[in-house]
Amino acid sequence: MIDNDYIKTHSLEECLKEFQGANGDEKDLTPQFELLAIKMLCGGHFEVSCCGHLIRRVYLHTIEFYYHEEYGPVKDYIVYHRNPEGKGIILPPFCTGSLNAHQSGIDITFEDWRNGNNPQYRASALIRAVKVKKAYDESFRQFHISGKKGLSEVDTRSTYVYEYLFMGAPVSDIRVQWIQDELTETIPVPKERLNVPQYDPQSHTKLPKTQDHRLWGYSLA
């Protein structure tokens, strides 16, 4: 099980693989989400390179967790990558730590992989807001990872993460890599996810003018 010491010494992918799911009890998710939020928001960044040259660094500022049990009681019907209902189709899990691009942005995924191609749950973190450091900025040579000098303002447009990770890179050579940093002392603030409605438990349809109140979003101040 992931703990404070584990996230300090292990990679993000290793921490994601230690995620245990809810096992039917939604309260078990909170401490796991909290630790993963610290790892993602305070312990690393993306580096985007092409042709051997660094283009930009992307730091996560706000993420939202999504978790849906295929066979258990914890449901999150807004999850994109899950088994289609009533069709007898089982979607195999994404590789842990893979990026899932969809209409709302980009997820970092960590679905159940312990049950082969029949995952018990779906889990991911939507990149909701970021700060970016471009390599051609004047201050880039003086850039310090610990201080994050020269970062842009927070960009809350989740669909623009596509551009930050992939824009301007040639098709012949692009590299998007998670780089681990030393954890900062900052504690992410839990919050409700943006524009996530409640769902009818019987029809599994959105309830109009409602808000899901689970504090599955985390943001830096």
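Can you list the helices (runs of 4 or more DSSP H) lying wholly within the stretch 1-99 that have 2 or more residues being closer than 24 Å to PRO119 by Cα? Spell out how you get there, then give the answer.
On the way: elements: 4-9, 12-17, 29-42.
Result: 12-17, 29-42.
Kindly evaluate GLU153 against the criterion of being within 23 Å of LYS134 (Cβ to Cβ) and out of contact with any helix residue (DSSP H, G or I) (no Cβ under 7 Å at 6 or more places or on another chain).
Values: within 23 Å of LYS134 (Cβ to Cβ): yes; out of contact with any helix residue (DSSP H, G or I) (no Cβ under 7 Å at 6 or more places or on another chain): yes.
Yes: the conditions hold for GLU153.
Test of understanding: among HIS53, HIS61, HIS68, which residue is surrounded by 15 or more Cβ atoms within 10 Å (Cβ to Cβ) and within 27 Å of GLU163 (Cβ to Cβ)? Walk me through it before giving the result.
Numbers: HIS53 fails: surrounded by 15 or more Cβ atoms within 10 Å (Cβ to Cβ); HIS68 fails: within 27 Å of GLU163 (Cβ to Cβ).
From the options HIS53, HIS61, HIS68, the qualifying one is HIS61.
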Within the stretch 70-102, count every residue that is free of Cβ contacts under 8 Å to residues at least 40 places away in the same chain and not charged (D, E, K, R). 15
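Taking SER124, is it modelled with pLDDT under 95 and of a type in the set (S, T, N, Q)? Give the derivation first.
Details: modelled with pLDDT under 95: no; of a type in the set (S, T, N, Q): yes.
No.
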Could you tell me how many of the residues in the stretch 79-129 are among the β-branched types (Val, Ile, Thr) and farther than 22 Å from GLN20 by Cβ? 3
So PRO93 fits all but one of (1) surrounded by 16 or more Cβ atoms within 10 Å (Cβ to Cβ); (2) touching a strand residue (DSSP E or B) at 6+ places or on another chain (Cβ under 7 Å); what number is the exception? (2)
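To keep it simple, each residue is scored yes or no on (1) among the acidic types (Asp, Glu); (2) out of contact with any strand residue (DSSP E or B) (no Cβ under 6 Å at 6 or more places or on another chain); (3) at pLDDT 95 or above; (4) part of a loop (DSSP other than H, G, I, E, B).
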position	(1), (2), (3), (4)
ARG141	no, yes, no, no
TYR162	no, yes, no, no
LEU165	no, no, no, no
VAL171	no, yes, no, yes
THR186	no, yes, no, yes
VAL196	no, yes, yes, yes
SER203	no, yes, no, yes
LEU215	no, no, yes, yes
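Looking at ILE179, is it closer than 19 Å to ALA221 by Cβ, in a strand (DSSP E or B), within 23 Å of the chain's Cα centre (by Cα) and modelled with pLDDT of 90 or more? Steps first, please.
Details: closer than 19 Å to ALA221 by Cβ: no; in a strand (DSSP E or B): yes; within 23 Å of the chain's Cα centre (by Cα): yes; modelled with pLDDT of 90 or more: yes.
So ILE179 fails the test.
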Those residues of the stretch 181-220 which are within 21 Å of GLN32 (Cβ to Cβ) and exposed (fewer than 13 other Cβ atoms within 10 Å of the Cβ), in sequence order: GLU185, THR186, HIS213
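The values are calculated or read from the model by the stated rules, or taken from the named source; none is laboratory data. Not measured: the values here are computed from a predicted model. Cβ coordinates were reconstructed from backbone atoms using ideal geometry, including for glycine residues, and neighbour counts include every protein chain displayed.
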